[in-house]
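Shown next, in C-alpha cells, is the structure this report addresses.
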Amino acid sequence: ERIARPADASESAVPSSTSAPVLNRTVRLVGGSRDDSVVNGRPIFGLGTDSPITCPNVTGLSCFASSALLLLRPAVSYILRNVDVFELDEVHEKFHERVNAMHEPFMEFVAAMYENLQNEDAMTSILNKLYEASGLEATSDDAAVFWHLFIMPLLRAKKVSHLFDQAATHIWTGNESEGQFGLLNENITPNASHHSGFIKVEVHDTMQEAVSTAVCAEREYTPRELYDIAENKINEAERSGKNKLSDEQKANIKGQYIRKGTERVYLREQTPFILFNISRVQNGDSTGLDRRMVLDQEITMNVALDDDGNSTVERNFKLASVVLYRGRNNRASDHYFVLNEYETGVYMQDDARLFGPKSWDDWKEFTSDKVVDTCSYMALYVRKSSESCPVEEDGPALKETASKLLSKYTTDSMADRLQQASKRIRRVRKKKFNVNRSSIDRRTENARSNLRRTQEQIEQSNA
C-alpha cells in the first residue's frame with residue numbers, strides 16, 4: 001500500500017503568513033556552500049550549536065527518507081551507546097547487504113543529530129552516502145515504508161529495535177477438514193524481521209480515539225507466515241512437476257493455507273517510544289487525506305505487564321515528533337516534512353529549511369490538519385514515566401563517540417580537505433595551462449611553416 005508520496009523540495013511547507021521565525025540559512029540542495037556563514041550570530045561551520053540539523057534534499061525526492069530518519073531524534077543517545085554493536089542475527093537475510101552498506105553513514109547521521117551538526121556540506125555528504133547505500137533510485141517513496149524496510153533492520157542490527165517495540169497476539173483457526181494442514185490451528189508469534197516498528201491507526205477525531213481503537217482491540221489479521229507456507233508449497237509443486245502452475249492451481253493451494261484470523265496489538269511495559277502510522281489512503285480511497293485529526297499532546301495507553309497482554313496498566317505518553325504530509329497522493333508534487341521537539345522548543349525541519357522554535361500550541365494548525373492539503377502521517381510519542389535518553393553520566397562518552405564519527409567533517413578536517421582539494425585544482429589548472437601553452441606553440445610554429453612554404457611557392461611562380 002502506497003499511502004503518500006514526497007514532493008518537489010523547492011516549495012516550502014510553511015505558509016507565507018506563518019509567524020514562525022526562520023533561521024537565516026541560504027543553501028543549495030546538492031552540495032555547494034552557504035551564502036551566509038552565521039545562524040543568529042553564531043558560526044555554522046562546525047559542531048555544537050543549539051539549532052537542530054537540516055537535511056538537504058539530496059535527490060530532489062529524498063524528503064521521505066530524511067523525514068523518517070528525523071523520527072529517531074529521541075533515540076539517538078541509545079543508538080550511540082551501542083556504537084560498537086552490529087549483529088545481523090535478528091535481520092532478515094535479504095537485508096544483510098543493504099544494512100552493512102548503510103551502517104556507517106547511518107551512524108554518522110545519528111551523531112550529527114546528537115551534535116546538532118551545522119555543516120551543510122557535511123550533511124549533504126552523509127545523506128548522499130546513506131541514500132546511495134540504500135540502493136534506492138532517485139524516485140519518490142513512502143516515509144512509513146522507509147522506516148519499516150530500511151530503518152528497522154538497522155535498529156535490529158544495533159540491538160535497539162526494542163525502543164519502538166510492540167507486542168501482538170495472533171490467532172487463526174481452520175475447520176475440521178483443514179486441520180491436516182497443521183499450523184492453521186496454532187497460535188504463532190510472527191517473525192521479528194516482519195515487525196514494522198509502528199502501529200497503524202485509522203483517522204479519528206483525535207489521536208487518543210485512534211489509539212484506543214487500535215491498541216488492545218481485536219481486528220482481522222492474516223499472518224505473513226501463512227503466505228510464506230503457501231508460496232513454498234507452490235514452488236515445491238512446480239519443481240516436482242517441472243512446469244508452471246496455472247493461476248487457478250495456485251489459488252487452490254493458497255486457499256488451503258491462507259486463512260483470516262484475529263490480531264490484538266498492545267505495548268510492552270518497558271517500551272519508551274511508540275510510533276503511529278496514520279492510514280490516510282485505503283484501497284485507492286484517498287478521502288482520509290481530507291479528514292482532520294487532532295494530535296493530542298498527551299495520550300494514555302494500556303501497556304502489558306505479561307507476555308499475553310491480559311494484565312495491563314495505563315501509562316501516559318507525550319507527543320515528540322510528527323511527520324507531516326502535503327499533497328494529493330501524487331508522486332510528482334507530494335512532500336514530507338517534520339515537526340520535532342528539542343530542548344529549546346518545537347522546530348519544523350523541511351529539507352534544508354528550519355522554522356522555530358515554537359511550542360506545540362503554536363503549531364496546532366499543522367497538528368490538527370487545518371493547513372490546506374497537509375495532514376499528519378506519522379506521530380511519535382515518548383513515555384512520560386521513563387527517561388527518554390540514557391543517564392547523564394553517559395554524556396561525555398556519547399559526545400566523544402559522536403565527535404569521532406564526525407571527525408572527517410570537523411572544521412580542521414574539512415579545512416585540510418579543502419586545502420588538499422585546492423592543491424589538486426591548482427595542479428589540474430597548471431597542467432591544463434601547460435597543455436594549452438604547448439598547443440598554442442605548436443599551432444604558431446605550424447602557421448609559420450605554412451607561411452614560409454607559401455612565400456617559397458610565390459617566389460618560384462614569379463621566377
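The values are calculated or read from the model by the stated rules, or taken from the named source; none is laboratory data. Computed from a predicted model, the values in this text were never measured in an experiment. Ideal geometry is used to build each Cβ from the backbone, glycine not excepted, and the neighbour counts take in all protein chains shown. Quick note on the areas: whole protein, heavy atoms, side chains included, nothing else; ligands and nucleic acids left out. Shrake-Rupley method; radii C 1.70, N 1.55, O 1.52, S 1.80 Å.
Which FRET efficiency, nearest 0.05, do residue 344 and residue 407 yield, Cβ-Cβ r, R0 25 Å? Efficiency at R0 = 25 Å is approximately 0.45. Rounded to the nearest whole Hz, the Karplus-based 3J(HN,Hα) values (6.51 cos²θ - 1.76 cosθ + 1.60, θ = phi - 60°) of region 74-80 follow the sequence x, 9, 4, 5, 5, 5, 4, with x at glycine and proline. Close amide H partners of residue 378, meaning residues 5 or more places away or on another chain with modelled amide H under 5 Å apart, are 278, 323. Computed from backbone phi with θ = phi - 60° and the Karplus coefficients 6.51, -1.76 and 1.60, the 3J(HN,Hα) list for region 374-380 is 9, 8, 6, 10, 9, 9, 10 Hz; x is used for glycine and proline. Applying a threshold of 27 Å to the alpha-carbon distances of 158/233; 200/399; 129/370; 159/370; 158/384 flags 158/233; 200/399; 129/370; 159/370 as lying beyond it. Ranked by solvent-accessible area (1.4 Å probe, protein heavy atoms only, all chains present), the residues 359, 449, 212 order from largest to smallest as 212, 359, 449.
Kirkwood-type hydrodynamic radius, region 48-153: 14.2 Å, calculated from all non-identical alpha-carbon pairs.
Residues whose amide H lies under 5 Å from that of residue 268, counting only those 5 or more places away or on a different chain, are 167, 304; hydrogens are built 1.01 Å from N in the peptide plane. With the convex hull drawn around the C-alpha atoms of region 264-366, the volume per residue stands at 142 Å³. How much net charge surrounds residue 126 when only other residues with a Cβ under 14 Å from its Cβ are counted (Lys, Arg +1; Asp, Glu -1)? Local net charge: -4.
Packing-based ranking of 127-139, 154-166 yields 154-166, 127-139, ordered from highest to lowest mean Cβ neighbour count within 10 Å.
As a rough guide to protection, the peptides 335-343, 366-374 ranked by mean Cβ packing within 10 Å, highest first, stand as 335-343, 366-374. Between residue 442 and residue 139, what FRET efficiency comes out of the Förster formula 1/(1 + (r/R0)^6) with R0 = 41 Å and r the beta carbon distance, rounded to 0.05? The computed FRET efficiency comes out at 0.25. 3J(HN,Hα) along region 336-348: 10, 8, 9, 9, 10, 8, 10, 4, 8, x, 9, 10, 9 Hz, from the Karplus curve 6.51 cos²θ - 1.76 cosθ + 1.60 with θ = phi - 60°, whole Hz, x for Gly and Pro. Rounded to 0.05, the FRET efficiency of the residue 372 and residue 242 pair, given R0 = 35 Å and the Cβ-Cβ distance, is 0.05.
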